[in-house]
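A.B. asks: Handing you this structure, nothing more for now.
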Amino acid sequence: MLKWLLLVLGLLLFTNGMFTRTFSFAEPEQHCFYMDLININACAASPAMPQLVVWSNLVIGGALILGCLLYARAKKPQRRT
């Protein structure tokens, strides 16, 4: 059951990373992100912070998906001949 929850969490994080928009405002200087699928948005003073949010979602989600795939491959039943 835990492997399925981790896979769903990985897919959610990965898709949120794919569909996150970043944008900036000039006056006052703000750099923002908006996650379309779960309706979360925030702004920061540094342009690196929204990119960090996007890339961390992509990397953590991809790592969870890859971990679940490797676990499933390792637990694959052996064929009897």
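A.B. asks: With the full set of protein chains in place, find how many percent of the accessible area of the chain is carbon and sulfur; take the probe as 1.4 Å.
C.D. replies: 68 percent
A.B. asks: Could I ask something else about it? Work out from phi, with θ = phi - 60° and the Karplus expression 6.51 cos²θ - 1.76 cosθ + 1.60, the ³J(HN,Hα) of each residue of the range 17-24, listed in order in whole Hz, and give x for Gly and Pro.
C.D. replies: x, 6, 10, 9, 9, 10, 7, 10
A.B. asks: A further question on this structure: So what is the 222 nm mean residue ellipticity for the chain from helices alone, if each DSSP H run of at least 4 adds -39500 (n - 2.57) and you divide by all residues, rounding to the nearest 500 deg cm²/dmol?
C.D. replies: Result for the chain: -19000 deg cm²/dmol, rounded to the nearest 500.
A.B. asks: Take the Cα of Met18, step 7 Å along the line toward its Cβ, and report every residue of the range 50-70 whose backbone nitrogen sits under 19 Å from that point.
C.D. replies: 53-70
A.B. asks: Using a 1.4 Å probe, what is the accessible area per residue for the chain, in Å²? If you can, show how the numbers build up before the last one.
C.D. replies: Numbers: 6460 Å² over 81 residues.
For the chain, the per-residue accessible area is 80 Å².
A.B. asks: Just name one of Pro28, Pro50, Gln78: the one whose Cα is farthest towards the positive end of the charge dipole of the chain (beta-carbon charges, Lys/Arg +1, Asp/Glu -1).
C.D. replies: Farthest along the dipole direction, towards plus: Gln78.
A.B. asks: How much length would be gained if the chain were fully extended between Cys43 and Lys75, taking 0.36 nm per residue of separation minus their Cα-Cα distance, in nm to one decimal?
C.D. replies: Contour length minus the Cα-Cα distance gives 7.2 nm.
A.B. asks: Under the definition of Cα pairs under 8 Å and six or more residues apart, what whole-number percent is the relative contact order of the chain?
C.D. replies: 34 percent
A.B. asks: Right, another one. Working from Cα positions, state the angle (0 to 90°, nearest 10) between the long axis of helix 48-74 and the longest principal axis of the chain.
C.D. replies: It is inclined by approximately 0 degrees.
The values are calculated or read from the model by the stated rules, or taken from the named source; none is laboratory data. The structure displayed is predicted, hence computed values, not measured ones. In this analysis, Cβ positions are derived from the backbone assuming ideal geometry, glycine residues included, and neighbour counts consider all displayed protein chains. What goes into the accessible areas is simple: the full protein's heavy atoms, side chains included, and nothing from ligands, DNA or RNA. Shrake-Rupley method; radii C 1.70, N 1.55, O 1.52, S 1.80 Å.
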